[in-house]
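Taking it in order: structure first as structure tokens, then the write-up.
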Amino acid sequence: MIALSSALVSCGDILESETQSAFDESVVFSNYTLAEYNIFSISETFGHTNNYRGRFLPWYGFNTDAEWYVSTTLDAKSEIATYDVTVNNSQLNLDNGPYNEIYAGIERANICIKGLRTYGDVKNDKDMAYLLGEALTLRAFLYYELVKAWGDVPARFEPINSETIYLPKSSRDVIFKQILADLEESFAYLPWPATTPATMTTDRVNLAFAKGLYARIALAASGFALRPNDGEIGTGGMGSIRTTSDPDLSKDVLYPKALAALEDVIKNNGGSLYSDYKQLWKDFNNFDLTAGKEVLWVIPFSDSRGRWNYTFAIRSVINGSNRAGTVGPAPSLYFDYKQGDQRRDLSCVNFKYDKDDEILPANIENWYFGKYRFQWMEKVPYTGGNDDGAKPIVMRYSDILLMAAEIANELEQLSVAQGYFKQVRARATGEAEATAYVNTLTNKEKMFEAIVLERKLEFVGEFLRKGDLIRWNLLKEKLDESIADYRNLKSVSGKYSYLNQEGNIWYRVNGNELEFYGFNGEQDSPDGEEWTKKGGYITKDSDGQTEERATTVYTNDPNTHQFWPIFLSTITNSQGSLVNDYGYNQ
């Protein structure tokens, strides 16, 4: 059945010849089990070595004002993080790199969609209709991922034939309109989470995720981004940061539809917030795929595939090898949280696990994402290999609420926006603080600024931030603010002048982690002999790299390097059909 989905053939006669097999399309897509196997083949591409597993997820989404690449070594990896990627980057310039692999998934989806429409009797068979809705949603997700990483790309919405092997770029607006329409169609086919056997787990798509994805794509489609001039896509121009000129993708058109989709999720119990933020992430690390809770959909890696915790967990020594800690929170992010916010000490961790599970403080430049921990992986313990099985979260219910707040605010529905926003804030800080805070958000501008901050605090380490900053046209501005905050933190000046002026902190072991004293402005030493002083911890250089760390957050202007180039191996094999824009040389 997977052979049915093959896209990488070069002979036109083969592409157009009929398959001589008992398993032709009329058989496969009229039988639920066989059709479902082909749906699974779409998701199977996520686990390919140089696709989501080892190249796309570990390398897309930073640097931002929330997530910083930790290493200061100048190499092909740092080029990606610092907006200096080139067409021949050794990490991504691969024949089977993520650009081509995502298209392989799209081709499999195209075959499924065509087959199910033709042979699936979706009007009368709700199970086959679900498979069509799942294929439409997966294709929409994959195309959104392509556009967010590469900008304008070829639009393929039919299986490849001899005349469509090589296509030039299409306007991303063409793609946005198609996938938004596809998602609207899927709403009629998909059930709510945990209401059918197929939607009992979060590794299969459901109506709540599809409606949330519609809103996420609508926000991107109507927002800012680096775009070639109209009519100049694929001509090599730099373009400019602007919104679309297509009236069908304007906020006036998309925002009411997106808000209606989000409110449908909210009103129909399409998800719910964990009361305990820490328990949410303990369940993540233990591969809890139960649908109907906060997580709406995950990348469906197997329990022995994927490099999520391998890349992003707290730095640990596992079986003698250093693992994880490649990316972490920006050093100043911890101080953006209100004291008592249950997300703070969970999201921003300033310690690491050495050999024999000894817990040590990391340096001020090396905060880690506490959401991801090998030490919490009890169901499937991590043993130090190249894959860990953690299933990256694509969307949570808190995103539904914050997107609804943002869109309602833009539609001049301030009180509605406040209500959705408050639910997320109250989970983090308690009802009283959330109520007092929301009461200060008395106009559209204040509400928007609060949403910009809250999304950073809520989703750090989930890599939504880069897309958010791009669509708000705040990417470089917020990166510069983050760099300035880092330097002020190191000098204990500006808004950090309340900290110990000598930069001292103290720490002690508390269970399976470290507890710190001094990050909340304490000037004296703590009581008790179990505390260890770390003199000059905030102010002193870490390995002599303080200034270098601040100046390598980006190498080129992030605004002109929002997207990756299509890499050289793909350009070379495109028979002249593909040309990079945004100033990249071929």
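See the values below:
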quantity: Output for the stretch 436-454, where each listed residue is open to solvent by 10 Å² or more (accessible area, probe 1.4 Å) and under 25 Å from ILE314 (Cβ atoms); calculated: LEU453
quantity: Residue in the stretch 351-359 that is over 24 Å from the mean Cα position of the chain (by Cα), at pLDDT 95 or above and more than 28 Å from TYR274 (Cα to Cα) present; calculated: yes
quantity: Residues that are in a helix (DSSP H, G or I) and under 15 Å from ARG139 (Cβ atoms), drawn from the stretch 201-215; calculated: PHE209, ALA210, LEU213, TYR214
quantity: Residue count, the stretch 105-160 (criterion: within 18 Å of LEU57 (Cα to Cα) and open to solvent by 20 Å² or more (accessible area, probe 1.4 Å)); calculated: 2
quantity: Qualifying position, being open to solvent by less than 30 Å² (accessible area, probe 1.4 Å), among the β-branched types (Val, Ile, Thr) and modelled with pLDDT of 95 or more, among THR202, THR243; calculated: THR202
quantity: Selected residue [at negative phi, crowded, with 21+ Cβ neighbours inside 10 Å and either in contact (Cβ under 8 Å) with a residue 40 or more places away in the chain or not basic (Lys, Arg) (or both)] from ASN363, ASN386, ASN350; calculated: ASN350
quantity: Cβ-Cβ under 8 Å pairs, at least 6 apart or on other chains, the stretch 458-471 side free of Cβ contacts under 8 Å to residues at least 40 places away in the same chain, far side of a type in the set (Gly, Ala, Ser) and assigned to a loop (DSSP other than H, G, I, E, B); calculated: none
quantity: Matching residues, the stretch 65-85, being among the polar types (S, T, N, Q) and assigned to a helix (DSSP H, G or I); calculated: SER78
quantity: Scan of the stretch 483-521 for residues that are open to solvent by 40 Å² or more (accessible area, probe 1.4 Å) and in a loop (DSSP other than H, G, I, E, B), ordered by number; calculated: SER491, SER497, TYR498, GLN501, GLU502, GLY511, ASN512, ASN520
quantity: Answer residue from the stretch 25-59, given it is of a type in the set (D, E, K, R) and open to solvent by 30 Å² or more (accessible area, probe 1.4 Å) and is farthest from THR311 (Cα to Cα) among those; calculated: GLU25
quantity: Entirely in the stretch 314-417, the strands (runs of 3 or more DSSP E) that have 1 or more residues that are touching a Gly at 6+ places or on another chain (Cβ under 7 Å) and more than 18 Å from ALA428 (Cβ to Cβ); calculated: 316-318, 321-323, 351-353, 393-396
quantity: Flag for ASP345 being without any contact (Cβ under 8 Å) to a residue 40 or more places away in the chain, more than 19 Å from ARG396 (Cβ to Cβ) and open to solvent by 50 Å² or more (accessible area, probe 1.4 Å); calculated: yes
quantity: Test: residue in the stretch 459-476 that is acidic (Asp, Glu) and not in a loop (DSSP other than H, G, I, E, B); calculated: yes
quantity: Among (1) over 28 Å from CYS112 (Cα atoms); (2) more than 22 Å from the chain's Cα centre (by Cα), the one test that SER71 misses; calculated: (2)
quantity: Filtered residues of the stretch 272-308 (kept if under 24 Å from ALA198 (Cβ atoms), part of a helix (DSSP H, G or I) and not hydrophobic (A, V, I, L, M, F, W, C)); calculated: ASP283
quantity: Residue within the stretch 408-422 that is more than 21 Å from LEU219 (Cβ to Cβ) and open to solvent by less than 10 Å² (accessible area, probe 1.4 Å) present; calculated: no
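For (1) surrounded by fewer than 23 Cβ atoms within 10 Å (Cβ to Cβ); (2) within 26 Å of GLY389 (Cβ to Cβ); (3) modelled with pLDDT of 95 or more; (4) of a type in the set (A, V, I, L, M, F, W, C), each residue gets a yes or a no:
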| site | (1), (2), (3), (4) |
| --- | --- |
| GLY61 | yes, yes, yes, no |
| THR72 | yes, no, no, no |
| ALA76 | yes, no, yes, yes |
| VAL87 | yes, no, yes, yes |
| GLN91 | yes, yes, yes, no |
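Results for (1) among the aliphatic types (A, V, I, L, M); (2) part of a loop (DSSP other than H, G, I, E, B); (3) modelled with pLDDT of 95 or more, shown as yes or no for each residue.
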{"position": "LYS540", "(1), (2), (3)": "no, yes, no"}
{"position": "GLY544", "(1), (2), (3)": "no, yes, no"}
{"position": "GLU547", "(1), (2), (3)": "no, no, no"}
{"position": "ASN559", "(1), (2), (3)": "no, no, yes"}
{"position": "GLN562", "(1), (2), (3)": "no, yes, yes"}
{"position": "PRO565", "(1), (2), (3)": "no, yes, yes"}
{"position": "SER569", "(1), (2), (3)": "no, no, yes"}
{"position": "LEU578", "(1), (2), (3)": "yes, yes, yes"}
{"position": "GLY583", "(1), (2), (3)": "no, yes, no"}
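Residues are listed down the side, and each one gets a yes or a no for (1) in contact with a strand residue (DSSP E or B) (Cβ under 7 Å, 6 or more places away or on another chain); (2) crowded, with 20+ Cβ neighbours inside 10 Å; (3) modelled with pLDDT of 95 or more:
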{"position": "PRO256", "(1), (2), (3)": "no, no, yes"}
{"position": "GLY270", "(1), (2), (3)": "no, yes, no"}
{"position": "ASP288", "(1), (2), (3)": "no, no, yes"}
{"position": "ILE299", "(1), (2), (3)": "yes, yes, yes"}
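Yes or no, residue by residue, for (1) assigned to a helix (DSSP H, G or I); (2) under 30 Å from SER171 (Cα atoms):
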position	(1), (2)
GLY234	no, yes
LYS257	yes, yes
ASN269	no, no
TYR310	yes, no
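The values are calculated or read from the model by the stated rules, or taken from the named source; none is laboratory data. Everything quoted here is computed from the prediction, not taken from an experiment. Here Cβ is always computed from backbone atoms with ideal geometry, including for glycine, and neighbour counts include all displayed protein chains. Accessible surface areas use protein heavy atoms only, side chains included; no ligands, DNA or RNA. Shrake-Rupley method; radii C 1.70, N 1.55, O 1.52, S 1.80 Å.
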